[in-house]
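One structure is given here, and the rest of the page talks about it.
The values are calculated or read from the model by the stated rules, or taken from the named source; none is laboratory data. Since the structure is predicted, the reported quantities are computational estimates derived from the model, not experimental observations. Glycine gets a Cβ as well: all are built from the backbone with ideal geometry, and neighbour counts include every protein chain shown. These area figures cover heavy atoms from the full protein model, side chains too; ligands, DNA and RNA do not enter into them. Shrake-Rupley method; radii C 1.70, N 1.55, O 1.52, S 1.80 Å.
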Amino acid sequence: MKTAEVASTRYAAELDAADSLAAFRHEFVPNPQLVAYLDGNSLGRPTLAADRRLQGFAADEWGDRLIRGWDEGWFDLPLTLGDRLGSAVLGSAPGQTFMGESTTVILYKLIHAALTARPDRTELVVDTDNFPTDRYLVQGIAADRGLTVRWIEPDPAAGVTPEQVAQVVNERTALVLLSQVAYRSGYLSDVAAITGITHDVGALALWDLCHSAGVMEINLDAWGVDLAAGCTYKYLNGGPGSAAFGYVRSELITQMQQPIQGWMGAANAFQMGPQYQADAGIRRFISGTPSIMSMLPLAESLGMIEQAGVPAIRAKSVALTDYALELYDALLAPLGVRLGSPRDAGVRGGHLTVLHDSFEEILPQLWERGVIPDFRRPNGLRLGLSPLSTSFEETRLGVVAILDALRAVTENPA
């Protein structure tokens, strides 16, 4: 297709007209200053339902019910909301998913819990391009416990392959920690295959779902995944700092001991006995008093995801990133911009990364113009296209703005 056609408003309008999820865009809080939000893979936009729920919560639930709220749903919310998330997004049967603190804290709990289930094993596997939190946690826990870290070095424009995992796991491996979608490149790992390879040597697999939950089809139970964790403020639109989630396969729950033994993970929390006795179920992974307000926006956005269905969301995501790729080929590649993500949608997550040494310089200009992509050093712009809130026209406007800003600095250098 010709460059002018790909970048035309008419072509984008045709794509928007065929979008079965277009109506959901009106369910988000409007922002008149926003031209193109291309950062849904870092922070999702707020929903109108969440706005209403948060505004009413202080008076209707907190103010009216006061402490009675704990008996009327708050106490069980980390589990009931976890089950709902598991059903709608994670492919998880009830009783295996919980809402907790940040992703960092939940990963810390799950890594330690996995090690208690594999006490005679001495190695942890992680990749060098995984998100910093994942790498830092593995390094710190390994140092504390005298364990060895085995590093996988993936292709920066791709991700960890089953073949690479097979080369490093062995009878000493306790845990493999990887991300389903690589945070830089958007590469989509083969969770089922890698989990199977991990199990072949008797190790456990822990998957970070931060960049896939809410935008990818996930089937944790069917894939045989042992453990998983992820945030809810990206494609799940839970808001900044919203409660993260953890998943533990049902048959492993009683084999594991998590390291932060708080009162709400006890078998009988309100007995407040002298000794900690872990709950027999997934509640044992909860520690202190849950942050109820941080879960409210997610409860609302899940309604949209349940209505739309993850398969339709994934189809829209592929269409958006395919279109962004067309725009990249037509507009950005001729200026020397390189592609940092897979072309094949079958191994690509919900965002597209493009690379140029001038991107850090133009980012403030884009933000001032109401065009908001995400920058990752040294030279990557991530275009995170959230299917429920992003239109094809918005995508077009964003890439055209990147083109204009890039031309300004490359054709007229200071």
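In the stretch 354-368, which residue that is assigned to a loop (DSSP other than H, G, I, E, B) and buried (at least 17 other Cβ atoms within 10 Å of the Cβ) is farthest from the chain's Cα centre (by Cα)? The residue in question is Ser358.
Is it the case that some residue within the stretch 336-353 is in a helix (DSSP H, G or I) and of a type in the set (D, E, K, R)? No, the stretch 336-353 contains no residue that is in a helix (DSSP H, G or I) and of a type in the set (D, E, K, R).
Selection within the stretch 289-310: residues that are in a helix (DSSP H, G or I) and of a type in the set (Ser, Thr, Tyr). The member of this set that is least open to solvent (accessible area, probe 1.4 Å) is Ser301. Counting only residues that are among the small types (Gly, Ala, Ser) and part of a helix (DSSP H, G or I), the stretch 85-113 holds 4 of them. Within the stretch 34-55, none of the residues are free of Cβ contacts under 8 Å to residues at least 12 places away in the same chain, of a type in the set (A, V, I, L, M) and at negative phi. Within the stretch 232-288, the set of residues being under 25 Å from Ala213 (Cβ atoms), in a loop (DSSP other than H, G, I, E, B) and open to solvent by 50 Å² or more (accessible area, probe 1.4 Å) comprises Tyr233, Pro240, Gly241, Pro259, Ile260. For the stretch 25-51, enumerate the residues that are within 19 Å of Leu296 (Cβ to Cβ), of a type outside the set (A, V, I, L, M), in contact with a Leu (Cβ under 8 Å, 6 or more places away or on another chain) and not in a loop (DSSP other than H, G, I, E, B). Within the stretch 25-51, Glu27, Phe28 qualify.
Looking only at helices (runs of 4 or more DSSP H) that lie completely in the stretch 132-206, which have at least 3 residues being at pLDDT below 95 and touching an Asp or Glu at 6+ places or on another chain (Cβ under 9 Å)? No helices (runs of 4 or more DSSP H) qualify here. Residue check, Glu393 against (1) more than 22 Å from the chain's Cα centre (by Cα); (2) within 27 Å of Glu306 (Cβ to Cβ); (3) in a loop (DSSP other than H, G, I, E, B), all met but one. Which one? For Glu393, the exception is condition (3). Looking at this structure, is Thr128 free of Cβ contacts under 8 Å to residues at least 60 places away in the same chain, closer than 15 Å to Asp208 by Cβ and open to solvent by 20 Å² or more (accessible area, probe 1.4 Å)? The answer is yes for Thr128. What do you reckon, is Gly82 in contact with a strand residue (DSSP E or B) (Cβ under 8 Å, 6 or more places away or on another chain) and either assigned to a helix (DSSP H, G or I) or within 30 Å of Val400 (Cβ to Cβ) (or both)? So Gly82 fits the description; yes.
Restricting Arg338, Arg376 to those that are at pLDDT 95 or above, open to solvent by 20 Å² or more (accessible area, probe 1.4 Å) and not β-branched (Val, Ile, Thr) reduces the list to Arg338.
Kindly list, by first and then second residue, each pair from a residue in the stretch 75-92 that is closer than 17 Å to Phe285 by Cα to a residue that is open to solvent by 30 Å² or more (accessible area, probe 1.4 Å) and in a helix (DSSP H, G or I), limited to pairs with Cβ atoms under 7 Å and residues at least 6 apart or on different chains. Note: pairs meeting the criteria are Ser92/Asp221. The number of residues in the stretch 152-202 that are of a type in the set (Asp, Glu) and within 25 Å of Val215 (Cα to Cα) comes to 2.
Every residue, every condition in (1) surrounded by fewer than 19 Cβ atoms within 10 Å (Cβ to Cβ); (2) farther than 30 Å from Glu217 by Cα, yes or no:
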| residue | (1), (2) |
| --- | --- |
| Arg10 | yes, yes |
| Val29 | yes, no |
| Val35 | yes, no |
| Asn41 | no, no |
| Arg45 | no, no |
| Leu48 | yes, no |
| Leu79 | no, no |
| Pro94 | yes, no |
